[in-house]
Amino acid sequence: MTRKLSFSTAVLLTIPPLLWAGNAIVGRLVRDAVPPMTLNLLRWLGALVLLLPLGRAAFRYRSSILANWRRYSMLGLLSVCLYNSLQYLALHTSTPINVTLVASGIPVWMLLIGRLFYGVPVRARQVTGALLSIAGVLVVLCRGDWHQLAALRLVAGDLYVILATIAWSFYSWMLLQKNDEPALRADWAAFLLVQVGFGVLCSLGLTGAEAALTGIHIAWSWQLAAVLLYLAIGPAILAMVCWGAGVQRAGPGISGFFINLTPLFTALLSSAFLGELPHLYHVIAFALIVGGIAWSSR
């Protein structure tokens, strides 16, 4: 289910990795101020409040939503609840480098899930593109020195990232199903509002379990409030809208490669915050990742 990759589609699919890179940075910064499941719930509650006036048309399609409640609940569970909660949990249990390395396998998961569950064949060109894209991620991780890869150690917490990437892969493929009300799908705010609503319900369960097991202690501050606002607008609403539109145009097989831009953007943003200039290996990594995207989409 591969389609032509236009410039506008490439822009749509580049915006989410950039916003998700910021999500990883601020999520790491506030890890001691709010527990991971609670952080995810607060993030999407904020997104829900912002979407209510924009997507109120969703209430016009109540009958179609009730008829397809299993589909919408799965979309919310896989993206809003599981993918994001597991990522925040991983930032507590693993290093950012390990998290980025494990997440770089998402193009492979996209191809495997498409083949096994949706009957979409995997072409040799896509495999080559995946290898090029992952090589670009490795260049970023080792900072141009391959000897540094020997120092990487995977821990049990990295399992959370694997589960998160599998959940996101299934979510992306499910977006292509056409059993939605056409008018609802055409209204991006209403379509996203339905997903976020079901996702928040699922997230309430995880937050309740977190509270029962560890308790919830939030260190409120203006900085935390600003982070929650950014997470609700950027990595939540804007990234989800762009990703959904990009997947509809290009298909999950090609879209998955763009996620590997996330570690590159993360490295660049981290360098900006630390006052460091980009290095040659950033250029090489960008060329490999974009080359993998271009080659696989031909």
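All of the numbers you see were taken from the coordinates with simple rules; none came from a lab. Everything quoted here is computed from the prediction, not taken from an experiment. Cβ placement follows ideal geometry from the backbone for every residue including glycine, while neighbour counts extend to all protein chains displayed.
With one equal scatterer per alpha carbon and no solvent term, the Debye-computed log10 I(q)/I(0) for the stretch 1-77 at 0.11, 0.12, 0.23, 0.24 1/Å reads -0.51, -0.60, -1.11, -1.11. Our estimate of slack between Ala294 and Ala272, defined as 0.36 nm per intervening residue step minus the Cα-Cα distance, is 5.2 nm. By the beta-carbon count within 10 Å of each Cβ, the least crowded to most crowded order of Tyr230, Tyr88, Tyr83, fewest first, is Tyr230, Tyr83, Tyr88. Here the residues Val30, Val122, Val80, ranked from fewest to most Cβ neighbours within 10 Å of their Cβ, fall in the order Val122, Val30, Val80.
Note: relative contact order over the chain, using C-alpha pairs below 8 Å and six or more positions apart, is 44 percent.
Take the Cα of Ala33, step 7 Å toward its Cβ, do the same at Met74, and the gap between the two points is 3.7 nm. Considering the zone a paramagnetic label at Leu201 would reach in this model (a point 7 Å from Cα along the Cα-to-Cβ line), which residues of the stretch 77-96 have amide N under 18 Å from it? Only 77-83 fall inside the zone, counting backbone N under 18 Å. Listed from fewest to most Cβ neighbours within 10 Å, the set Trp146, Trp222, Trp20, Trp168 follows the order Trp222, Trp146, Trp20, Trp168. Count charges around Leu231 for me, please; just the other residues with Cβ under 15 Å from its Cβ, Lys/Arg as +1, Asp/Glu as -1. Computed value for this residue: +3.
If R0 equals 25 Å, the separation of the Cβ atoms of Arg185 and Leu45 corresponds to a calculated FRET efficiency of about 0.55. The stretch 246-274 and the stretch 74-135 have Cα centres spaced 12 Å apart. Once the cut-off is 21 Å, how many percent of the Cα-Cα pairs in the stretch 116-249 end up in the long-distance tail? Percent of Cα pairs beyond 21 Å in the stretch 116-249: 65. Hydrodynamic analysis of the chain uses the Kirkwood radius over alpha carbon pairs. Inserted into Stokes-Einstein at 37 °C and 0.692 mPa s, it gives a translational diffusion coefficient of 168 µm²/s. By the Cβ rule of 4.7 Å, the chain holds the following cysteines without a possible disulfide partner: Cys142, Cys242.
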